[in-house]
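One structure is given here, and the rest of the page talks about it.
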């Protein structure tokens, strides 16, 4: 039995978001919110097999994130087979296949949500990935899977110092997708996926055509729940969940086995603190706290600084501009937030952030106050900006 079936229902996890849920974001969410599961940003299987650099940090994770899944995408079954071995070798708890990204540069290549129009390829990808997980669990080496020596060496470097059990478990395979391409097609698309017995399907309630506009269609998600009734595959809903109160409402409405929160967690890792309240509420049990626990300004600024330090430690100062959107998201709901935001979005490094915080709040930690990050260490090589 995989971790999916050991989590108390409903499952309340962190949704993967490209350009958002990197290792630093997930670490902060895990420390201060504790979602039931985390997923990496989606990573191209073709890029990994070709020896690209960025995936090394994309697949960085901390022990506190567990259970943590590696999310991958692409259109080459052979590459999925090979990367499944890497996912196992790096100690992830599961593998998730992205069949829902609506970005044009992904979908137009037949990847992500583009696979909704190509169910035969989607099935071939799932089967190839599962076969890769099975062969790795049976003892097959990375070299025997056809991976190049440079990729194999990178995996070995990433595993240095990491405690790993001697056994090779058969990792669970899940899929994240959307309700359709240019229209809702749950009745046609979801049975294709259910036929391959993934342990879970995470379903975003928008079509590819909608991107992130309009509203998520939770009635369509409910239809997927009905299609999966009596089958072992779990159905998780995703879309427009800003709080645990939203999660409770949608779980009651649809009967999903769980939900994933994405944009509701941006700048707000504390949203997951209420998950036990949500579970108890759905079970009809009284629970302390409630939907929307207060977060003090001091805690918000402390975590903002911690996030900044970790991001710079992992990615380097040259990539720090990518941190600025997170800084803006943290600036919500307190006096003077607009002025802070205007300064923080120009920060060049974590020391700049600390100076801005110290100037605006005498209670904030000084610039020299570094935070320890034992869960993450940057890989030996440097990823070009």
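FYI, it's all coordinate maths here, none of it is from the lab. Bear in mind that the values here come from a model prediction, so they are computed numbers and not experimental data.
Worth a mention:
- Computed log10 I(q)/I(0) for segment 175-314 at 0.18, 0.20 Å⁻¹: -1.02, -1.13, from the Debye equation with unit scatterers placed on every C-alpha and solvent omitted.
- Value of D in µm² per second that Stokes-Einstein yields for segment 65-146, Kirkwood Rh from Cα pairs, at 20 °C (1.002 mPa s): 165 µm²/s
- Mean sequence separation of contacting Cα pairs (under 8 Å, at least six apart), scaled by the length of segment 57-111, corresponds to a relative contact order of 41 percent.
- Within the chain, helix-based [θ] at 222 nm, where runs of 4 or more DSSP H residues each add -39,500 (n - 2.57), nearest 500: -11500 deg cm²/dmol
- Mean-square fluctuations from a GNM of the chain, with a 10 angstrom spring cutoff on Cα atoms, peak among 130, 309, 154 at 154.
- Cα-based Rg / Dmax (Å) for segment 1-64: 13.3, 39
- Comparing mean-square fluctuations of 152, 87, 20 from a GNM of the chain with C-alpha springs under 10 Å, the top value falls on 152.
- Hull volume per residue, based on the alpha-carbon atoms of segment 133-253 and their convex hull, is 187 Å³.
- Mean shadow area of the chain over all directions, Cα convex hull, nm²: 18.6 nm²
- Relative contact order [Cα under 8 Å, 6+ residues apart], segment 113-203, whole percent: 38 percent
- In summary, the convex hull built on the alpha carbon positions of segment 1-124 has an orientation-averaged projected area of 8.0 nm².
- GNM result for the chain, Cα springs below 10 Å: residue of 217, 22, 294 fluctuating most strongly: 294
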